[in-house]
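What follows is calculated from the coordinates using simple rules that are stated; it is not laboratory data. None of these values were measured; they are calculated from a predicted model. FYI the Cβ positions are ideal-geometry reconstructions off the backbone, even for glycines, and counts take in every protein chain you see.
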Amino acid sequence: MHCYFVLSGDSQLPVLYHVERVRDGRSFATRTVQARQQGRPIFTTTLSFDREGSWGKKEIKHTRKKPDVPLPGQPDGLGRGRGPFESRRVGITNRDSPHAADRSLQLYNKARGTISAEGGRQAHLTALAYMSDSYFIGTVSRVHNIRRFSSPGAIERAAAALKKEVGGEEELAKRYLTDLAEQEEQELKLSKQTSDDPNMEVGMMVSLDHTIYFHDRRAFRADEWIFSEMRTPWAGAGRGLVLQQMWAQDGSLIATCVQEVTKKIHNLCYISFSIRPLSPNLKAPLQSTRPDG
């Protein structure tokens, strides 16, 4: 599944999805989908489906082993509210490495409640796709120990955009963003490495695309804890690349995700936020140029 975010969507406007049947083969089928608002494309994706069992009786198998990381005891942010999923962050590995590319972010996610049998396997795959965007974009700034939050006013503005993701509960969104700010501040204190400039802060960060490779599609339930590890092998020229691998409870590698982001870094006195849910019709960048006061 290869997604491209073309323009910002407006959650108050209807979205029309245009699906094109590109190819139907004996082993694979290909579709393209374009999401449009007021006649303008805001999102495009290309999807490839394989026919189960089409690979034959003999095949080559290998997988990366799931890191041995226990589930944290306390939920964080949206995990304490009524949002669609729960999250428990583990933290940053190799935080004292002088190389940002050696560090990785780890967390657990799961859909809240129990997914009913009526949704079938597709419901779990859809939930996994949604969860794959959790904390993903922030990997670049966090491995560089660069702040994304410095002003209560900025958190309030970001919460106003994020509240759609938590059922209209703006106070819950504020708590979530405040938790993120506190956690990242704690990470900065724990790390022996500092950013190149302690006055640097994320000015803007937006996803350009999002790719998901689904592996063992029947090895997991999205309403059970899924472990994710995120890293960034490269950043430069105003962009950054982030990679994510996701494991089921039994250790099966179930998905690999890739995302490219565009970013701007400002001095600490200039801040802005971009909050982009995975759903294209809720993609709503929010920016500000100066903190309150």
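A compact table of results
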quantity: Difference of contour (0.36 nm per residue) and Cα-Cα distance, Arg64 to Arg31; calculated: 8.9 nm
quantity: Neighbour-count order for Val143, Val242, fewest beta carbons within 10 angstrom listed first; calculated: Val242, Val143
quantity: Karplus 3J(HN,Hα) series, Hz, for segment 95-108 with 6.51 cos²θ - 1.76 cosθ + 1.60 (x for Gly, Pro); calculated: 5, 8, 5, x, 10, 4, 5, 7, 8, 9, 9, 10, 7, 10
quantity: Segment 28-40 - phi-based ³J(HN,Hα) in whole Hz, Karplus 6.51/-1.76/1.60, Gly and Pro as x; calculated: 9, 10, 10, 10, 10, 10, 10, 9, 10, 10, 6, x, 9
quantity: Shape category assigned to segment 1-51 from the gyration tensor of Cα positions, a/c cut at 1.5; calculated: prolate
